[in-house]
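This report refers to the structure that appears directly beneath it.
The values are calculated or read from the model by the stated rules, or taken from the named source; none is laboratory data. Model, not experiment: these values are computed from the prediction. So basically every Cβ, Gly included, is an ideal-geometry build from the backbone, and we count neighbours across all protein chains shown. SASA here: full protein model, heavy atoms, side chains in, ligands and nucleic acids out. Shrake-Rupley method; radii C 1.70, N 1.55, O 1.52, S 1.80 Å.
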Amino acid sequence: MPESAILCVRCGNCLENCHIFSSTKEWKHAPPNRLRILRKKADFVAFECNGCRRCTVFCPFSVEISAYVSRARKEIKNKAKALVELVEVQLEKGRQFEKHKQFYEAAIRFLEKKHNLKIPLNKKAEILFVPLQGEHTIIPAAKLFNLAKEDWTLSYFEASNFAFFLGDMELAKKVSERIFREAEELGVEKIIVTECGHAYRVFKMFWREWFGRDFEILSIVEVAAEYVEKGIVEVKRGLAEPVTYHDPCQAARNSGLIEEPRKVIGSFAEDFREMKPNKEKNFCCGGGGGLVAIPEMKDFRLVAGKKKAEQIKETEAKYVLTICENCRTQLKDLREHYGLNYEVSGVVELLSKFV
Ligand code: SF4
Ligand code: SF4
């Protein structure tokens, strides 16, 4: 049970530092009021928060509002039906593994032919790579691993963990257990997670406590940074158009992945422009905390992303890069909603086009 709420002196330091309150100006979205509401009952205002923890960074007492948000979400999780259904799909994939396996293997063999690329599956290896759904998360990593001559294999499961967004950590453990069993069976030592903010945080922060095993957990962007720094993969050409980078809250502020994406971008971008503020003080895009996966929250998250749209506009960048699938979706939606003009890509995804 979180207790840091008693430290809140209602100083107001966090108000304009919450992108949601700053955009909606609704009092229920002011972090101390959100806290007051959630201490009394599990209210839907818990789903009108990205759980980005920016308020905590600017709070003199580090009040953890997102902990109260998670607790409330768990109590009223059925109000986020889309997330509950996504968790069920993830668990069903584990229960019906043989069926899922056949379908997945056929899809991967198709990708191998399409891209003329070896993608090992179900192989004893040093590395287990955990992607998301969609070839844009599989092909760039496969290309880099093969160039670096890694001993790797692809996971049958996706890295995302929708139960985390419901604040239900027992359920989140069950979702992760499918991948843990796979890693044990394949005898891997390292788990490399695709570009996904919350997934990286779940692997990095909870796996040791849940499973008592010390796998080396890395993000694909950490691995890519090492490849370019040590010349393990050669970057053959650069990108002249202006590029900016959006720090996903779960990756940067909440897991410390800050310099690695910048090292990778620096290997190919000739005109890199930081948003201001950035790194651990960056503003959330408005799509975090699972909001992108809840269709009824679309209008809300577009309003919540106003600060981010302003930040991007100021850079005049033609490419907005990030290392999170939720952020990617939100950045594309913000582009349409606010009439902006830029391409959205993953950092490693774009790197893979230049090696
Ligand atoms: S959206 Fe972020 S800054 Fe605003 S209350 Fe939630 S965790 Fe705090
Ligand atoms: S900054 Fe901290 S103490 Fe001040 S109002 Fe916000 S949560 Fe309360």
Relative to the longest principal axis of the chain, what angle (0 to 90°, nearest 10) does the C-alpha long axis of helix 31-40 take? 80 degrees
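What FRET efficiency would be calculated for the residue pair L121, R10, taking the C-beta separation as r and a Förster radius of 45 Å, to the nearest 0.05?
The computed FRET efficiency comes out at 0.25.
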Which value, to two decimals, describes the C-alpha radius of gyration of region 127-181 once divided by 2.2 N^0.38 Å? 1.31
1.4 Å probe accessible area per residue over region 36-144, in Å²: 51 Å²
Take every Cα-Cα pair in region 188-333 and report what % of them are more than 21 Å apart. 47 percent
Where does helix 306-315 land angle-wise versus the long Cα axis of the chain, in degrees 0 to 90, nearest 10? 60 degrees
Taking the convex hull of Cα positions in region 81-227, its mean projected area over all directions (nm²): 8.4 nm²
Square roots of five times the Cα gyration tensor eigenvalues for region 18-117, Å: 40, 18, 11
Given the candidates V188, P120, Y156, the one whose Cα lies deepest towards the positive end of the charge dipole of region 102-207, counting +1 at each Lys or Arg C-beta and -1 at each Asp or Glu C-beta, is P120
How far, in nm, would the chain grow between V235 and F44 when pulled straight, counting 0.36 nm per residue and subtracting the alpha carbon separation? 64.0 nm
Mind listing the phi-derived Karplus ³J(HN,Hα) values for region 88-102, rounded to whole Hz, using 6.51, -1.76 and 1.60 with θ = phi - 60°, and x for any glycine or proline? 4, 4, 5, 5, 5, 4, x, 5, 9, 4, 4, 5, 4, 4, 4
From the C-alpha gyration tensor of the chain, pull out the three semi-axes of the equivalent ellipsoid (sqrt of 5λ each), sorted largest to smallest, in whole Å. 33, 26, 17
At 222 nm, what helix-only mean residue ellipticity would the chain give, in deg cm²/dmol to the nearest 500, using -39500 (n - 2.57) for each DSSP H run of four or more? -14500 deg cm²/dmol
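Quick check: net charge around V221, other residues with Cβ under 14 Å of its Cβ, Lys/Arg +1 and Asp/Glu -1?
-4
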Plugging the Cβ-Cβ distance of K332 and E184 into 1/(1 + (r/R0)^6) at R0 = 41 Å yields, to the nearest 0.05, a FRET efficiency of 0.65
Let's test the formula: R0 of 22 Å, r as the Cβ-Cβ distance of F61 and I258. What FRET efficiency results, to the nearest 0.05? 0.40
Give me the angle, in degrees from 0 to 90, between the Cα long axis of helix 135-147 and the longest principal axis of the Cα atoms of the chain, rounded to the nearest 10. 50 degrees
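Provide the three semi-axes, in whole Å and in decreasing order, of the ellipsoid equivalent to region 58-121 as defined by the square roots of 5 times the Cα gyration tensor eigenvalues.
Values: eigenvalues 308, 74, 16 Å².
They are 39, 19, 9 Å, listed largest first.
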If you stretched the chain out fully between E226 and F354, how much longer would it get, using 0.36 nm times the residue separation minus the C-alpha to C-alpha distance? 44.5 nm
Sort W207, W27 by heavy-atom solvent-accessible area, probe 1.4 angstrom, most to least. W27, W207
Kirkwood hydrodynamic radius over Cα pairs of region 4-76, then Stokes diffusion coefficient at 37 °C and 0.692 mPa s, in µm²/s: 278 µm²/s
Under 12 Å from the Cα of K313, which aspartates and glutamates turn up, not counting those fewer than eight places away in the same chain? E274
Please check which bits of region 5-21 a label hung off A82 would reach, taking the label as a point 7 Å along Cα-to-C-beta and the cut-off as backbone N under 13 Å. none
Counting just the Cα atoms, what span does region 246-314 cover along each of its three principal axes? Round to the nearest Å and put the largest first. 39, 27, 20
Unsatisfied cross-links (Cα-Cα over 19 Å) in the set K118/K149; K298/K318; K25/K307; K79/K204; K236/K279: K298/K318; K79/K204; K236/K279
